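See structure below.
The values are calculated or read from the model by the stated rules, or taken from the named source; none is laboratory data. Just so it is clear, the structure is predicted and the values come from calculations on it, not from any experiment. Note that each Cβ is placed from the backbone with ideal geometry, even for glycine, and that neighbours are counted across all protein chains shown. All accessible areas refer to the heavy atoms of the entire protein, side chains included, with ligands and DNA or RNA removed. Shrake-Rupley method; radii C 1.70, N 1.55, O 1.52, S 1.80 Å.
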Amino acid sequence: MTTTAYMVWLIIGCALVTWLPRVIPFIFVRSVTLPDVVLKWLSFIPVCILSALVIENLIDTESGKVVTLDWPVFITFVPTLIIALITKSLSITVVAGVIIMAAVRFFM
């Protein structure tokens, strides 16, 4: 497959379209002092995103019309959550979660 100038400009354009909406808000907010209410509201966004990702993986919707728990993921989630609460270390939690999931998949 040959690379044409059109493809290069297309890739550059796609990069700008995805990069600019992420950078422009930081440029504007850098010089503005946000109210405490807004800062408190923004502090909940990481927790909400993480919760949505976790809950999405815990629920199995592909088995039909009934929503059920994805048991291998749930069995992995519980000890990983306990490790996260005890250690409060992202690295240890991720490594432990990967090892626990590998063990669950091996034995199930």
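For the chain, the membrane-span-like helices by this rule, meaning whole DSSP H stretches whose C-alpha atoms cover at least 27 Å of axis and whose Kyte-Doolittle mean is 1.0 or above, are 5-30; this says nothing about an actual membrane. State the label only: which of (1) 105; (2) 243; (3) 91 corresponds to volume of the Cα convex hull per residue in Å³ computed from the shown model? Calculated volume of the Cα convex hull per residue in Å³: the matching label is (2).
Hey, in the GNM for the chain with a 10 angstrom Cα cutoff, which one of 86, 11, 27 fluctuates hardest? Maximum fluctuation in the GNM of the chain, among the listed residues, is at 11. Think of segment 34-107 as having a plus end and a minus end, set by charges on the Cβ of Lys, Arg, Asp and Glu; of 89, 100, 42, 89 sits farthest toward the positive end of this dipole. Taking amide H atoms as placed 1.01 Å from N in the peptide plane, the amide H of residue 60 lies under 5 Å from those of 68, 69, 70, each 5 or more residues away in sequence or on another chain.
Here is how the number arises for the chain: DSSP H runs of 4 or more residues each give -39500 (n - 2.57), the sum is divided by the residue count, and the result at 222 nm is -25500 deg cm²/dmol. Accessible surface calculations at 1.4 Å, restricted to protein heavy atoms, place the chain at 87 Å² per residue.
FRET efficiency for the pair residue 53 and residue 92, taken as 1/(1 + (r/R0)^6) with r the Cβ-Cβ distance and R0 = 22 Å, rounds to 0.70.
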